[in-house]
Each structure stands twice: as C-alpha cells, then as structure tokens.
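Let me begin by presenting the structure, written as structure tokens, before commenting on it.
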Amino acid sequence: MAFFEFNALSVVMGGSFAARVFIPEMDGLRLDDKEHKTKYPVLLLLHDSGGAAVDWQQTPAERCAAENGIFIIAPDVQHALGTDMKYGPKYETFISGELLDICRNLFPISRDPAYTWIGGVGTGAYGAVKTSIKHPDVFSKAISIDGILDMGTIIKKALAGEATGIHHDAASLEAVFGDLNQFEGSDNDLFALADRPVRNKFLFLCREDNNRIGESAAIAHKLRAAAQFVQVPSKNDSFSHQQSLPQAIRWACTDKETV
C-alpha cells in the first residue's frame, strides 16, 4: 500500500494547497502500459470541519485504494465547507475542476464522469453531495458518511447565538455563504438542491447512534430513486470509519473497470 503527500500551486485558490493521494498496489496497475493509455477510477474525499486531509490516514482509505484498484484524493479544504466562499477562496470551483486537472497531470486517473466520484464525512459530506449535484458533468456518484447536511438549521442556530457544533459561528458562516438570511433556497441549500432533477447516484451512510441521522434520511428521501440510505453499526466505526468507508467504496466501485 502507498500514498503520496504533495503541495501544489492553485490559481483558483490563489495559493498552495496540500493533498493526500492513496494509490493502488503496483500489481493492480498496468505498469507495462508504456503509452499511459490506461486510466483508473478516482474518488475525492473531503474531511470534516476542524480536520485536515491527514485525517484520512486514520481510516482504511489506503487499503481501500489498494484493494479496489482506484485512486483516492483527499485535499485540505480548511473550514470552507467545500464551497465557493463569499469572502475567501473558491473551494467548489477548485474541487470540481482544477484539483482534478492537476492530479490528472500527475496520476493516471480517468476524465470520465462515470469513473469520477466524490465523498466526505461530516461537513465534508455536505460539500461532496452539493458539489456532485451541481457538477454532474464531473461526478457521477457521491458518498455521505455521517453527513452534516442541514446547513439551514445550523445557520439558524448561529444567528441565534447558539453553538453550531461544526467549528463555525455566524461570522465565519457569513464568510462562507454571504448574507445568511438569503441561504434558504440558494444553491448552497442541499434541501433545495435535492428537489431538482439530478443525474447522479448517492449513498448516505450513518452510524446508528449518530444524532444527525435524520438529515441523511431526509435528503435521501428527497432524492428518491437516485439515493440509498444505509445505517451501519456504531461499533468500531466512530472516527476511523472502519466499516462505513469500505462499504461506501464497494458501492462506488460497482461495475467499475479501468478505462
């Protein structure tokens, strides 16, 4: 098993970024492909608020890449919730475009949306599901693990001066979204986006004891046939996602092939 840690310059972000890239085993790569025609499926993984790309090294991400013959790219997305910030870098634009293009120049990963997927945990799941819905020409599948998806309720708590539970208060949420009173029904509101026709497939995984499980069930219900909602046992899954991440990646890899 192997992974790369790299830093590169992003024009979209106006500075450098860091990412972890987990790669398949050497015997899972076509090393005799001298013309580099073989391309492999790729999954972007977004960390939770207050976290970083390094968090994925506590999970089975490295093993999942090796066992499934895919590339997993985990970028640092800071506290931006995978969003084009009102007062800050354009993370959604970066994730859905420039990041993949940079990685395609370094690694043999597919440009086909059918083999380009995105997922996340906590608020990273919010960013992943939103980005997938808004960019079906880039991503065909999205994974939410213990997703923190109801940003509208979080914003209401922030405006009331209550704790949000996601390392954000009203001021920092305003930096991300702008006028918080205009959030409901906007392109950042997952519940509004889920009412639109979608071209992607979605998997919502939640631990049985997760107190936000209702959010995942509600979004999955709105997405109807495009989504699956699955509860996973809480044992051994908290923080390290030993059960949920492999299960999610097996779902993503259904009908997978190198292209």
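The values are calculated or read from the model by the stated rules, or taken from the named source; none is laboratory data. Computed from a predicted model, the values in this text were never measured in an experiment. Neighbour counts run over all protein chains shown; Cβ positions are idealised from the backbone, glycine included. Side chains are part of the model used for accessible areas, which takes the heavy atoms of the whole protein and leaves out ligands, DNA and RNA. Shrake-Rupley method; radii C 1.70, N 1.55, O 1.52, S 1.80 Å.
Condition check ((1) over 24 Å from residue 18 (Cβ atoms); (2) surrounded by fewer than 24 Cβ atoms within 10 Å (Cβ to Cβ); (3) touching a helix residue (DSSP H, G or I) at 6+ places or on another chain (Cβ under 8 Å)) across all residues:
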position	(1), (2), (3)
107	no, yes, no
111	no, yes, yes
124	no, no, no
150	yes, yes, yes
- In segment 123-153, the residues that are touching a His at 6+ places or on another chain (Cβ under 8 Å) and within 18 Å of residue 84 (Cα to Cα): 124
- Query: residue 66 fails exactly one of the following numbered conditions: (1) crowded, with 19+ Cβ neighbours inside 10 Å; (2) without any contact (Cβ under 8 Å) to a residue 60 or more places away in the chain. What is the number of that condition?
  - Reply: (2)
- Task: Could you check, for segment 106-128, whether at least one of its residues is free of Cβ contacts under 8 Å to residues at least 24 places away in the same chain and part of a helix (DSSP H, G or I)?
- Result: no
- Among the numbered criteria (1) open to solvent by 10 Å² or more (accessible area, probe 1.4 Å); (2) more than 27 Å from residue 101 (Cα to Cα), which single criterion is violated by residue 133? (2)
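What about residue 112, is it among the charged types (D, E, K, R) and either at pLDDT below 95 or over 29 Å from residue 50 (Cβ atoms) (or both)? Don't jump to the end; show me each part of the working.
Values: among the charged types (D, E, K, R): yes; either at pLDDT below 95 or over 29 Å from residue 50 (Cβ atoms) (or both): yes.
Against the criterion (among the charged types (D, E, K, R) and either at pLDDT below 95 or over 29 Å from residue 50 (Cβ atoms) (or both)), residue 112 qualifies.
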- Just to be sure, is residue 176 among the hydrophobic types (A, V, I, L, M, F, W, C) and farther than 22 Å from residue 83 by Cβ? no
- Query: Which one is surrounded by the fewest Cβ atoms within 10 Å (Cβ to Cβ) among residues in segment 40-63 that are hydrophobic (A, V, I, L, M, F, W, C) and in a strand (DSSP E or B)?
  - Reply: 42
- What number of residues in segment 168-225 are among the hydroxyl-bearing types (Ser, Thr, Tyr), open to solvent by 20 Å² or more (accessible area, probe 1.4 Å) and assigned to a helix (DSSP H, G or I)? 1
- Item | Residue in segment 69-87 that is at pLDDT below 90, over 21 Å from residue 149 (Cβ atoms), in contact with a strand residue (DSSP E or B) (Cβ under 7 Å, 6 or more places away or on another chain) and part of a strand (DSSP E or B) present | no
- Task: Using the structure shown, decide if residue 138 is under 15 Å from the mean Cα position of the chain (by Cα), open to solvent by 10 Å² or more (accessible area, probe 1.4 Å) and on the phi < 0 side of the Ramachandran plot.
- Result: yes
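Can you work out which of the residues in segment 5-39 that are open to solvent by 60 Å² or more (accessible area, probe 1.4 Å) and modelled with pLDDT of 85 or more is farthest from residue 75 (Cα to Cα)? Before you say what the answer is, go through the steps one by one.
Restricting attention to segment 5-39, the residues satisfying the condition of being open to solvent by 60 Å² or more (accessible area, probe 1.4 Å) are 5, 7, 9, 11, 14, 16, 25-27, 30-32, 34-37, 39.
Add one more test, that the residue is modelled with pLDDT of 85 or more, and what stays is 5, 7, 9, 11, 14, 16, 39.
Values: 5: 10, 7: 10, 9: 13, 11: 15, 14: 15, 16: 11, 39: 20 Å.
The residue in question is 39.
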